[in-house]
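The values are calculated or read from the model by the stated rules, or taken from the named source; none is laboratory data. Small disclaimer: the values here were computed from a predicted structure and weren't measured. So basically every Cβ, Gly included, is an ideal-geometry build from the backbone, and we count neighbours across all protein chains shown. For the accessible areas, the whole protein counts, side chains as well, though only heavy atoms, and no ligand, DNA or RNA atoms are used. Shrake-Rupley method; radii C 1.70, N 1.55, O 1.52, S 1.80 Å.
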Amino acid sequence: MPIPFIPDSTEFDYVIVGGGSAGCVLAGRLSENPALTVCLLEAGGPDDSVLIRAPLGFAATAALGMHNWGYQTVPQAGFKGRRGFAPRGKVMGGSSSVNAMVYTRGNARDYDHWAALGNPGWAWQDVLPYFKKAEHNECVGASTVDDHRGVGGPLNVSFLPSPSPINEAFEQACVAQGLPRTPDYNGAQQFGVGRAQVTQKNGERWNAARAYLTPHLGRPNLTVISHAEVSRVLLEGQRAIGVAYRVGTKSEKKSDQPERTLRARREVLLAAGAYGSPKLLMLSGIGEAGQLQAHGLGVQHALPGVGENLQDHLSAVLIYRNLQPATTLGFSLSGGRAMAAAIGQWRRQRTGWITSNVAETQAFASTEGRPEHPDIQLALCNGIVDDHTRKRHWGHGYTLHVTLMRPHSRGSVRLQSADPSAAPLIDPAFLSAPDDMARLVRGTQLGLDIMAGPALSVYRGAMLYPLQRDDPARIADYLRDHSDTEYHPVGTCKMGPATDPMAVVDAQLRVHGLAGLRVVDASVMPCLVTGNTNAPTIMLAEKAADMIAASVN
C-alpha cells in the first residue's frame, strides 16, 4: 500500500472518497478500463498490520481503538442516557478490515422491498447476479441446485478452519427449539442455523482491499492516496467538480496541513459510509438548510434527507461462564499458554484459534411466525464479549448475540460543527420505536431457551448477568443497560424517487438535483437487510460500478 504522497496529476475521471468496502470495489472495477483514470482517497493508513491479516486480531483492534474512527453515539434515551459504541474502520479496506468477517447477504424480501419503495433494479433478482459476481465461495460453491452462489470473484468466502466444538452443541440446542440446520443461510433457505461463512482465505482475513484494490495497485490509471481526509465536495453551480482534502499521517494534525484539491472530469463518488458520507455532504453545503445555516455553512443545495433515516441493528448479549475452558477464548493462565501456542500455529499453518472470527455459528429465527423472513439473528461467540470486549473478565465463557434485524427506530447523523475534523453527532435513536423493545425481548427469550438446552449442559456455567426468560420486565431493563450496536449503520443517504422528501439519491445512486455526484455505500440502503451489511455493501458497489461504466460514452 502507498504511503501518503501528493500525486502529480490533480485531475481524474473519477474521484472516490473512502477506501472501505464500497470504495475498494469501485476503484478496482472502474480502473479495469484503461481509458479511465481513477483516484481513491482514504483517511486511514494501509491494511498491512498483522492484527488485520490475522482474523482474531480484530478483537485487539476493537479494544484498543486501532484503525478506527472511535465514534460514540449521543446519549440514548433508550439506554437510560448511556452512549452507544459506533466503530467504523479508518484504514484501507474500511470496516471490512476490522469487522468479524461474517458473510451474510440478507433475505430476498429485503431487496424486493427496496424495489417496491420506488427503486427499480434493486429487487432480489436484480442484485443476486452481483452477489455471485463478487464472491469466490469455498463453502458450497456455485453448483448447488438453486444456483445462489458464485465462484471466481475477488471476495473469498470460506468456513472457519478450526471452529470450537461448542458450535455443534449450540446447533443441537437450536434444533431442539425448532430451528432447522440450514446448509446455506445465504442460499435458498435463510431460516435455521449453520456455521459462519467468513471473508477469509487460507486462514487470513480477506478484506475488500485485498480482494479489489491491492492486486491492481500497479495499474497506471489508478492512484491511491492514504491518510487523506476529504473536507468537502467542490461544486460549480449544480455540478460536483472535485474535492478538497488534506494529507497527514497519524503523527501529523491534518488541520495543520495545506488544503489540496482534486478535480473529477466525470464524477465524484462518495463511499465514506453511513456516518462519513452524510457528514461530507453537509460540510459541502448539501443538506437541510436550517442545520447547515446553524453551523455557518452556505446552502449550496437543499436536500432535507441528508443524515436522516439512520438505522442500525441492535443486539442483546447473553454471557455464560464455560465449564470447559479449553473450548473457548478467555483470560487465564491456561488461556494465555493456549494463545501463545495458537500464535505459533497460525504462523506455521494458518489454522487454530487465531483464525477464529469469534462469532462462529449464525442462526436466523422468527418470533413472528414468518420463517420465510426471519426477524432475529443469533450469533454464538466463543468468548466473553462484554461491552464490545472493552470490559474484561477473568476466566472463560461464551456469548450469544441476539440481534433485531429490522428495527422500526430511525435516527440521524448531524454535524457537530463546520470543522471537518470534528466527529459527527450520531443518534441511532435506539429503542425509540416501542415495538422494537417488545420484539427484542421476544428474541432474547428465544435465546435464553436455546442456551438453557441440554445440549449445552456440559459447557454451561453461571450467567454473567443472570436473567429469567419469564421476566420480560427484567429483560427489558437489562437491554437498556447492556444492548448496543451490531455495527451495521445504514440509510443516511436514502435511495428513493424524487417524490420521497427524505430520498438523497435515485436508483442510479445519483444525488437528487446535482450532476456528477453519487453516493455508493451502506448509507444509500433505504432499509436494513436481514443480516450483516458488509456483503450487501460490496454487492451494491459492484452494481454501481456497472451502472457507472454504462454511463461512459
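With all protein chains present, how much of the accessible area of the stretch 273-420 (probe radius 1.4 Å) comes from carbon and sulfur, to the nearest whole percent?
Numbers: 2820 of 5170 Å².
Ligands and nucleic acids excluded, carbon and sulfur reach 54 percent.
Of Lys391/Lys494; Lys133/Lys201; Lys90/Lys279; Lys80/Lys391, which sit over 26 Å apart, Cα to Cα?
On the way: Lys391/Lys494 35 Å; Lys133/Lys201 17 Å; Lys90/Lys279 15 Å; Lys80/Lys391 19 Å.
Over 26 Å Cα-Cα: Lys391/Lys494.
What is the sum of charges around Ala340, taking Lys and Arg as +1, Asp and Glu as -1, for the other residues whose C-beta is under 15 Å from the C-beta of Ala340?
Taking every Cβ under 15 Å from that of Ala340, the sum is +3.
How much mean residue ellipticity at 222 nm does the chain get from its helices, if each DSSP H run of length 4 or more adds -39500 (n - 2.57) and you divide by all residues, to the nearest 500 deg cm²/dmol?
Values: 12 runs with 134 residues, N = 553.
That calculation yields -7500 deg cm²/dmol at 222 nm.
Determine, from the Cβ-Cβ distance of Gln293 and Ser551 and an R0 of 45 Å, the FRET efficiency 1/(1 + (r/R0)^6), rounded to the nearest 0.05.
Step by step, r from the Cβ atoms, then E = 0.85.
May I ask for the angle, rounded to the nearest 10°, between helix 472-482 and the longest principal axis of the chain, with both axes built from Cα atoms and the value confined to 0 to 90°?
50 degrees
How long is the gain from Ser334 to Asp471 if the chain were fully straight, where each residue apart is worth 0.36 nm and the alpha carbon distance is subtracted?
Values: separation 137, 0.36 × 137 = 49.32 nm, distance 3.68 nm.
The Ser334-Asp471 span can extend by a further 45.6 nm.
For Ile225, what accessible area in Å² do you get when you roll a 1.4 Å probe over the heavy atoms of the protein chains, rounding to the nearest 10?
In the full protein context, Ile225 sits at about 0 Å².
Along the positive direction of the dipole of the stretch 223-364 (beta-carbon charges: Lys, Arg +1; Asp, Glu -1; about the Cα centre), which of Phe331, Ser231, Ser315 reaches farthest?
About the Cα centre, the residue reaching furthest to the positive side is Phe331.
Using Cα centres only, tell me the gap between the stretch 520-553 and the stretch 197-230 in whole Å.
One Cα centre to the other: 17 Å.
Of the peptides 321-333, 14-26, how do they stack up when ordered by the mean number of other Cβ atoms within 10 Å, highest first?
14-26, 321-333
Once you put a point 7 Å from the Cα of Ala438 and another 7 Å from the Cα of Ile343, both along the Cβ direction, what distance in nm separates them?
Placing both labels 7 Å along Cα→Cβ, they lie 5.2 nm apart.
Just order 89-99, 291-301, 177-187 by mean Cβ neighbour count inside 10 Å, highest at the front, would you?
Descending packing order for the listed peptides: 89-99, 177-187, 291-301.
Which values of log₁₀ I(q)/I(0), to two decimal places, follow from the Debye formula for the stretch 327-393 at q = 0.15, 0.24 Å⁻¹ with a uniform point scatterer at every Cα?
Relative scattering, expressed as log10 I(q)/I(0), comes to -0.63, -1.06.
Kindly provide the Kirkwood hydrodynamic radius of the stretch 32-123 in Å, to one decimal, from all pairs of distinct alpha carbon atoms.
Over the stretch 32-123, the inverse of the mean reciprocal pair distance is 16.4 Å.
Normalised by the residues of the chain, what does the relative contact order come to in percent, with Cα pairs under 8 Å and at least six apart?
Reported as a whole number, the value is 22 percent.
Carbon and sulfur atoms: what percent of the 1.4 Å accessible area of the stretch 1-157 do they account for?
Result for the stretch 1-157: 56 percent of the exposed heavy-atom area is carbon or sulfur.
Using alpha-carbon positions, what is the distance between the centroids of the stretch 253-325 and the stretch 58-81, in Å?
Result: 16 Å between the Cα centres.
What nm distance separates the two modelled labels at Arg260 and Asn202, each placed 7 Å from Cα along Cα→Cβ?
My value for the distance between the label points is 3.4 nm.
With +1 assigned to the C-beta of every Lys and Arg and -1 to the C-beta of every Asp and Glu, and no other charges, what is the dipole magnitude of the stretch 170-275 about the Cα centre in debye, to the nearest 20?
That gives the stretch 170-275 a dipole magnitude of about 340 debye.
Could you tell me the calculated FRET efficiency between Ser457 and Asp481, based on Cβ-Cβ distance and R0 = 30 angstrom, to the nearest 0.05? Each step should come with its number before you reach the end.
Details: r = 28 Å, r/R0 = 0.92.
FRET efficiency, Ser457 to Asp481: 0.60.
Which of the peptides 517-529, 394-406 is most tightly packed, and how do the rest follow, going by the mean number of other Cβ atoms within 10 Å of each residue?
517-529, 394-406
Lys and Arg at +1, Asp and Glu at -1: add these up for the other residues within a Cβ distance under 14 Å of Met282 and post the number.
Every neighbour counted, the sum reads 0.
Determine how many Å³ per residue the convex hull of the Cα atoms of the stretch 404-553 encloses.
173 Å³
Less than 12 Å from a label point 7 Å out along the Cα-to-Cβ axis of Met502: which backbone N atoms in the stretch 292-336 qualify, by residue?
Only 305-312 pass the distance filter.
Mind checking the per residue accessible area of the chain for me, 1.4 Å probe, whole number of Å²? Could the numbers behind the result be given before it?
Numbers: 19540 Å² over 553 residues.
It amounts to 35 Å² per residue over the chain.
Rounded to the nearest 5, what % of the DSSP beta bridges within the stretch 138-270 are antiparallel ones?
Percent antiparallel among DSSP bridges in the stretch 138-270 is about 95.
Can you give the % of DSSP beta bridges in the chain that are antiparallel, to the nearest 5?
Numbers: 58 of 86 bridges.
The antiparallel fraction comes to roughly 65 percent.
In degrees from 0 to 90, rounded to the nearest 10, what is the angle of the helix 534-551 Cα long axis to the longest principal axis of the chain?
Between helix and principal axis, roughly 30 degrees.
Just subtract the alpha-carbon distance of Ala60 and Ala515 from 0.36 nm times their residue separation and send over the number in nm, one decimal.
Additional length available on full extension: 159.6 nm.
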